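Chemist: Take a look at the following structure, please.
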Amino acid sequence: MSTFAEFLINGISLGSIYALIALGFVVIFRATEVVNFAHASLLLAGGYVTAVLHDELGFWPALLAGVAGAAVVGAAVEFFVMRRHRGADHSVLAIVTIGVDILLATELTRRIGTDILSLGDPWGDSVVTVGGVTVAETRIAALLAAGLLITAFLLAFRYTSWGVAMRAAAENQETAALMGIRLGRVSIGAWAVAGGLAAVAALFLTVFPTPGLERATSLAALKAFPAAILGGLDSTTGALVGGLLVGVTESLATGYQGDLAFLGRGIGDLAPYLVMVAVLLIRPAGLFGTKELARV
Amino acid sequence: MSETLARSGLRVGSPAVYGGAAACLVLLVLPFYLDRFWLQAGLFAMAAALGAIGINLLTGATGQLSMGHAFFLAVGAYGYCAFAGDGADGLAGLGLPGWLAAVLAVALSGLAGGVFSPIAGRLRGAYLGIATLALIFIGQHVLFNAHDLTGGYNGRAVPPLSLFGLTFDDTELLVAQVPFGAVEKLWYLGLILLLGGVLFARGVLRGRPGRAMNAIRDHRIAAGVMGIPVARYRAAVFVLSSMYAGLAGVLLALVFQRTVPEYFGMALSLEYLAMIVIGGLGSVAGAVAGGVFVSLLPQLLNRYSDALPLVSAPGTGGIAPGEAARYLYGAAVVAVVLFLPGGLARLAARRPGKPGSGKGPKNPTHTPTTNEPSGEAR
């Protein structure tokens, strides 16, 4: 039972990280209707900046620099690439982000090489045991940080003028523009926020028990895609639920993979995608996504 | 018929016909002069072109984003091995004749696409793109784990193809004093397959199905109202695209002579998307051009890495040729959409003397988004 509780807590913690990434993905989609396939590379960029700077600056300033770095990369992608394409077909824009992803990912994996970089986090591999349930400190920190950031984000989304502008732009771009909302700012803001959230997620994807930042980290980050999709691409609630669902499934499938040996090794990495396919078969717009209604 | 000919710009005596004939002749005599490296590179380009035609039918002409193309290539490649293998290496094999195995492998790819059609027929846009991402990971999982069928991490050897008593392996055959090995023989097979693939895809795109596909891409609801069975068309295009991928997979397997699971990863799917964007969405010629560009680029850089600035041999610390190629085609994707919507195909069509000939179907980048109802956009 206590192992199950451990898997569950680890899963929720992992899921909150996925939710953080998926949230950024959804924010970009809502603000600009562009699916950002370069999201995993943004995350890798944030993690890389933190990893390079933590020796000189110390951990917390380096983390801030990583967040800022990823936000700048996100904003730069928006400003130099996406903005030039505004008005183009959305599937073409999605392919443009794939081009950006190829560029960013090649550069970052070349820099990282075969190294495994530490991000210099203060938690190390210490664990906390409560009532027979042992959980790594990093997992608790991840849960707290993700919870805090998500709450802050949702509050800002609801109550600040930035959030109102963003929601208005998501509702109807033309009307929002006519009401004096500067779509360019909304969209660059969305990309920057998404980058920042991804950088925090990068930290928690690479701390104990994972060895550190490596090439494969972007593969782990990719699991936020099924999270965002199965929740529904245009729903922030969906991103959270999807993230948790994916995290818990992955954690349980990895934890019990001894019992699932007939499915082959590494079934945990596959579980998020299988859950996504199952959900999409029943609900093609995801759990919380807006069903498309079109007027002809 | 005459309208079709006129539209394609193919009139007897026009420069395009002479140019095409000359190009065909050059392609036919190349194996007599080029060495193994170039022929192999050319064969990779042909396989890539076939695969790119497939994904261009799906993503370019019908507007269905697919990130799972590599999966269907893998089905084709491994399907061929499994049908043609004789089980001598301890891996499952039916021992069928090579040509039958190749046909069955292509059919199997189509079947795999058909199995996915409950999803492919219902999801659109980004949802479909990410759902097809699942195929890649499922495919990789199976390839690494189904050891008896795929050989696991080390992959499996590809049995040579034999057709009409001619075996496409390295037993040398003297043709006009030139020894023909596997690549020389496969070169002609590749040319025939590519020609067939191009003609078939052009036929599909220029006829009724092509118009229906473009209508679905440009406005799904309007297409449905006009009586196009949208869901059935989408599923059918998905199957057809998978079969093209399967054929490309078989050809690749024959050239590689060994299939390894790592090759069929996500990077390959992204490469195919890059090909069709660079070449031109929705156009067959564009798919071929893009396929040749993206698949030849790393090999050229690799070959001439000594002579090129900034590029150095792999493992020496600088930018390896493979990475340099990825930088180039990643940038090409972004640049093409920025500066050359319609890709290389439109560049060719824009030549002076043919003003606005509009070769290839209208590109989706030119669809004014303001005409779309807001619901259609997501």
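Taken together, the values in this text are just the output of simple stated rules run on the coordinates, not laboratory data. Everything numeric here is computed off the predicted structure, so don't read it as measured data. Please note: Cβ atoms are built from the backbone with ideal geometry, for glycine as well, and neighbour counts cover all protein chains shown.
Chemist: Please give the residues of segment A:189-221, grouped as numeric ranges, whose backbone N is less than 17 Å from a label point set 7 Å along the Cα-to-Cβ vector of A:Asp115.
Modeler: Output list for this probe position: A:203, A:206-207, A:211-218.
Chemist: Now for a different question. For segment B:216-263, restrict the atom set to alpha-carbon positions and state the Rg and Dmax in Å.
Modeler: Reported Rg and Dmax, both Å: 16.7, 49.
Chemist: If you don't mind, another one. Taking 0.36 nm per residue of sequence separation and subtracting the Cα-Cα distance, how much length would be gained by fully extending the chain between B:Phe32 and B:Glu262, in nm to one decimal?
Modeler: Length gained between B:Phe32 and B:Glu262: 79.5 nm.
Chemist: Another one. Convex hull over the Cα atoms of chain A, averaged projected area in nm²?
Modeler: Value for chain A: 16.8 nm².
Chemist: Suppose R0 equals 60 Å. What FRET efficiency, 1/(1 + (r/R0)^6) with r the Cβ-Cβ distance, do A:Val128 and A:Met179 give to the nearest 0.05?
Modeler: 0.75
Chemist: In Å and on Cα atoms, what radius of gyration and Dmax does segment A:221-296 show?
Modeler: When restricted to the Cα atoms of segment A:221-296, Rg and Dmax are 13.9, 53 Å.
Chemist: Right, another one. Between A:Leu8 and A:Ser161, what FRET efficiency follows from the Cβ-Cβ distance if R0 is 41 Å, with the result rounded to 0.05?
Modeler: 0.55
Chemist: Here is a further query. So what's the back-of-envelope 222 nm ellipticity for the protein assembly as shown, counting only DSSP H runs of four-plus at -39500 (n - 2.57) apiece and dividing by all residues, rounded to 500?
Modeler: -22000 deg cm²/dmol
Chemist: Now for a separate question. Would you mind getting the Kirkwood hydrodynamic radius of segment B:18-96 from its Cα pairs, rounded to one decimal in Å?
Modeler: 15.6
Chemist: Find the eigenvalues of the gyration tensor of the Cα atoms of segment B:117-209, then list the square roots of 5 times those eigenvalues as equivalent ellipsoid semi-axes, largest first, in whole angstrom.
Modeler: Result for segment B:117-209: semi-axes of 36, 25, 10 Å.
Chemist: In chain A, which helices (entire DSSP H runs) extend 24 Å or more along their own long axis, judged by Cα positions, while averaging at least 1.0 on the Kyte-Doolittle scale?
Modeler: A:2-32, A:59-80, A:90-112, A:137-159, A:183-206, A:236-255
Chemist: Using 1/(1 + (r/R0)^6) with R0 = 56 angstrom and r between the beta carbons of B:Asp169 and A:Leu57, what's the FRET efficiency to the nearest 0.05?
Modeler: With R0 = 56 Å, the Cβ-Cβ based efficiency is 0.40.
Chemist: Taking the Cα centre of segment B:1-135 as origin, work out the dipole magnitude from +1 charges on Lys and Arg Cβ and -1 charges on Asp and Glu Cβ, in debye rounded to 20.
Modeler: Value, rounded to 20: 460 debye.
Chemist: Same structure again: May I ask which residue of A:Leu64, A:His54, A:Ser91 lies farthest towards the positive end of the charge dipole of segment A:23-95, with charges of +1 (Lys, Arg) and -1 (Asp, Glu) on Cβ and the Cα centre as origin?
Modeler: The residue sitting most towards the positive pole is A:Ser91.
Chemist: Assign unit charges at the C-beta atoms only (+1 for Lys and Arg, -1 for Asp and Glu), then state the dipole size of chain A relative to its Cα centre in Debye, rounded to the nearest 20.
Modeler: 840
Chemist: Follow-up question, since we're still on this one. I'd like to know how segment A:232-274 sits against the 2.2 N^0.38 Å rule of thumb: what's its Cα Rg over that expected value?
Modeler: For segment A:232-274, the normalised Cα radius of gyration comes out at 1.32.
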